[in-house]
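Worksheet for the structure shown next.
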Amino acid sequence: MGSATLEPAVLFAVIGCLGIGSQWLAWRLQMPAIVLMLAAGVLAGPVFGLISPDEDFGDLFRPIVSVAVAVILFEGGLTLNFKELRDAGPAVRRLVFSGAPLAWLFSTLAIRYGAGLSWESSIVFGGILVVTGPTVVTPLLRQARLAPRPASILRWEAIVNDPVGALAAVLAFEVIAALYGASTLTKAAEHLVIGVVVASLVGYAAGWLIAKSFKRAWVPEYMKVPVLFGAVLAVYASTDSVLHESGLLAVTIMGIYIANAHLPSLEELKRFKEHITIILVSGVFILLASSLKWSMVAELNWRAIAFVFAIVFLARPLAVIISLTGTDLSWPEKGIIAWIGPRGVVAVAVAGLFGARLEELGVPDGQTLAPLAFALVAATVVIHGFSMKPLSRALGLTSTEPPGVLIVGGSRWAVDLATDLRDAKIPVLMTDRNWFRLRYAREATIPVYFGEILSEAAEHTLDLNRYGMVFAATDNDAYNALICTEFGPEFGRNNVFQLGRHEQTEGDKDLPVTVGGRTFGSGTDYETYWRRHSDGWEFTTTRLGEEYGLDAYLADRPEVEVLGLIRAKGDLVFWTSDAQRSAGEGDRVLAFSPPKDKANGK
């Protein structure tokens with residue numbers, strides 16, 4: 001069926017279903033979403049002809065992609081917090097301040113002499129390839145269980161270089177646009193300076209105005225997200241009219257300013273950008289993949305292979321090794337960081353946009369940028385996805401610590417549980433959306449994360465590959481169930497736990513038992529834990545021996561609630577009602593014990 005038979009509403013529905021459906025399926029299958037979106041777009045476009053963006057949207061196709069990319073780059077700027085960059089460590093700062101320019105240079109040379117593109121296309125594309133894609137890097141790190149230090153560096157590099165690479169590409173394109181659009185070098189320089197200055201001033205002023213109006217409550221809470229979205233579109237359109245694509249620079253600067261303005265409503269704004277960018281990224285990727293032509297793909301000859309080889313084996317490793325020289329990182333750590341550099345959706349979206357713009361300017365090989373970007377993304381996701389785990393194991397960089405526990409909820413009794421686990425050498429992280437509720441964890445020096453654990457910001461900034469188990473321990477049964485449902489595919493259904501539910505009091509309003517996670521011990525609910533803890537109950541760990549086994553322990557302590565075991569090798573095993581309970585010598589019983597059992601603790 002050709003795309004011409006589709007009504008506009010049906011066409012938008014197909015694009016939305018393919019994009020969001022690919023994201024959801026990737027989440028269920030624990031695969032990089034970019035792979036499934038690429039497959040869906042190619043099938044819908046070149047293979048079956050269901051979507052043909054140039055014909056379906058006509059002159060609106062490029063503006064639609066441009067606006068979507070502007071919002072995506074604004075979202076990238078919104079993640080660049082300078083305080084977090086300062087806290088990220090010297091290795092990350094080197095990868096940003098020296099690694100990014102080196103990556104731009106080496107990528108440009110790889111494109112020029114590997115792919116054989118013109119210098120104009122090579123310089124723009126080289127800037128784009130600075131971006132390594134946090135949405136692709138984070139799942140790979142989690143699957144490989146990479147050691148904490150290199151994993152943290154790779155994750156932060158991907159986050160910070162997202163807007164840096166976009167800025168590099170925008171500036172390079174503006175230089176070329178100015179040169180092609182002016183009759184002399186002097187006029188080109190004037191055009192470029194005017195465009196960059198105007199874009200920078202407008203982006204800075206817009207960010208300042210948004211921050212000031214939000215801080216002074218000139219905008220009501222329910223209007224902040226719509227006002228912000230409207231401001232992004234207005235800034236992009238106004239500056240883009242001065243110099244093509246300077247609007248992208250303006251909205252990126254606007255996002256960076258807002259990210260560092262210490263807004264009290266920044267978390268809500270980040271949630272907005274998470275939702276809108278997922279929609280836009282999905283749609284743009286499907287549109288760009290479906291707009292590929294067989295003739296464009298056929299042009300990818302041996303030079304495309306040479307280009308991918310040069311980027312993966314030369315440009316990325318050289319830039320990282322040079323920039324990290326002199327740091328305290330070991331050679332295996334430098335090696336794994338230099339090797340891992342998968343590209344993501346932003347690279348494809350920006351390459352597709354700028355490739356078309358270069359072609360309009362008269363650069364003949366501009367149309368090749370999108371197919372090359374798709375080829376590099378597919379190659380790096382496959383190469384790094386399959387090699388990261390065995391390579392990290394061979395280099396001795398696989399984490400050797402036992403899988404930790406992510407505890408959601410900051411109550412006092414949950415802090416006591418976390419303290420016992422920490423003392424047993426099990427990594428623990430406590431998270432809560434309320435800073436005040438985390439005060440007990442902070443006083444006990446338990447690592448904490450303040451914010452929404454389900455947010456994209458948490459996914460990008462937290463090293464979740466250290467944790468193999470989730471325990472939802474808030475006073476809200478529905479939220480606990482949501483936590484377990486969301487983390488179930490990622491951690492495994494057997495490794496997500498929640499407190500017992502209040503079935504007796506909730507009645508028909510209770511959640512179905514098919515939603516949420518497993519309960520451990522006797523399925524105690526939040527209120528019971530709270531009351532018992534107030535009465536002096538405490539969490540205890542008791543080591544079992546050859547002469548004092550599990551049966552003897554249970555006989556001595558009939559009133560305790562056994563939660564699970566800490567195995568002799570350090571792993572934690574929560575017990576459920578249907579588990580076969582067995583323990584060996586050296587295992588420790590984790591239990592919730594009444595006051596009279598205190599003397600028999602550890």
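3J(HN,Hα) along region 220-226, derived from phi through the Karplus expression 6.51 cos²θ - 1.76 cosθ + 1.60 where θ = phi - 60°, amounts to x, 4, 6, 9, 5, 5, x Hz, with x in place of Gly and Pro. Between region 326-362 and region 49-76, what is the separation of their alpha carbon centroids in Å? Using only Cα atoms, the two centres lie 22 Å from each other. Of the chymotrypsin sites (Phe, Trp or Tyr not before Pro) found in region 171-226, the ones in coil according to DSSP and having at most 14 other Cβ atoms within 10 Å of their Cβ are Trp218.
If the limit is 26 Å between Cα atoms, which of Lys83/Lys425; Lys83/Lys389; Lys83/Lys334 go over it?
Violating the 26 Å limit, Cα to Cα: Lys83/Lys425; Lys83/Lys389.
Ligands, DNA and RNA left out, the 1.4 Å accessible surface of the chain is 62% carbon and sulfur atoms. With the convex hull drawn around the C-alpha atoms of the chain, the volume per residue stands at 178 Å³. Model label sites at Lys187 and Leu263, defined 7 Å from Cα along the beta-carbon direction, differ in position by 4.0 nm.
If R0 is 25 Å, the Cβ-Cβ spacing of Phe97 and Asp328 corresponds to a FRET efficiency of close to 0.90. Antiparallel beta bridges, as assigned by DSSP with both residues in the chain, represent about 45 percent of the total such bridges.
Working from Cα pairs under 8 Å separated by at least six residues, relative contact order for the chain is 15 percent.
A simple rule links phi to the HN-Hα coupling: the Karplus curve 6.51 cos²θ - 1.76 cosθ + 1.60 with θ = phi - 60°, which for region 425-430 gives 6, 9, x, 9, 10, 9 Hz, with x for Gly and Pro. Applying a DSSP loop filter and a limit of 14 other Cβ atoms within 10 Å to the trypsin sites (Lys or Arg not before Pro) in region 196-242 leaves Arg216.
At a Förster distance of 30 Å, what's the computed FRET efficiency of Ala458 paired with Leu209, Cβ-Cβ distance as r, to 0.05? Efficiency, rounded to the nearest 0.05: 0.55. Starting from the Cα of Val197, step 7 Å toward the Cβ, then list every residue of region 212-250 with an amide N under 20 Å from that point. Only 238-250 pass the distance filter.
Each part reduced to its alpha carbon centroid, region 534-568 and region 393-465 end up 24 Å apart.
Close amide H contacts of Phe497 (hydrogens built in the peptide plane, cut-off under 5 Å, sequence separation of 5 or more or a different chain): Val470, Phe471, Ala472, Arg518.
Between Leu11, Leu499, Ser98, whose Cα lies farthest towards the positive end of the dipole of the chain when Lys and Arg beta carbons carry +1 and Asp and Glu beta carbons carry -1, centred on the Cα centre? It is Ser98.
Helix 477-491 axis versus longest C-alpha principal axis of the chain: approximately 70°, rounded to the nearest ten. The simple Förster model, with R0 at 51 Å and r as the Cβ-Cβ distance, assigns Val382 and Thr524 a FRET efficiency of 0.65.
When shorter helices are ignored and each DSSP H run of at least 4 residues is given -39500 (n - 2.57), the per-residue value for the chain at 222 nm works out to -18500 deg cm²/dmol. Extending 7 Å from the Cα toward the beta-carbon at both Asp59 and Trp24 defines two label points whose distance is 3.7 nm.
Taking Cα atoms only, the orientation of helix 33-42 departs from the longest principal axis of the chain by about 40 degrees. Positive end of the dipole of the chain (Cβ unit charges, origin at the Cα centre): among Leu554, Ala319, Ser455, the Cα lying farthest that way belongs to Ala319. About its Cα centre, the dipole of region 435-504 is roughly 260 debye, where the only charges are +1 on Lys and Arg Cβ and -1 on Asp and Glu Cβ. Placing +1 on each Lys and Arg Cβ and -1 on each Asp and Glu Cβ, with no other charges, gives region 106-262 a dipole about its Cα centre of roughly 620 debye.
Against the chain, whose longest principal axis is taken from its Cα atoms, helix 412-423 shows a tilt of about 90°.
Under a point-charge model restricted to the Cβ atoms of Lys and Arg (+1) and Asp and Glu (-1), what is the dipole moment magnitude of the chain relative to its Cα centre, in debye to the nearest 20?
Computed charge dipole of the chain: roughly 1320 debye.
Computed over region 331-417, relative contact order equals 32 percent, with contacts defined as Cα pairs under 8 Å that lie 6+ residues apart. The tail of the calculated P(r) for region 391-455 beyond 15 Å holds 52 percent of all Cα-Cα pairs.
The values are calculated or read from the model by the stated rules, or taken from the named source; none is laboratory data. All values reported here derive from a predicted model rather than from experimental measurement. Glycine also receives a Cβ, built like all others from the backbone with ideal geometry; neighbour counts cover every protein chain displayed. Ligands, DNA and RNA are excluded from the accessible area calculation, which covers all protein heavy atoms including side chains. Shrake-Rupley method; radii C 1.70, N 1.55, O 1.52, S 1.80 Å.
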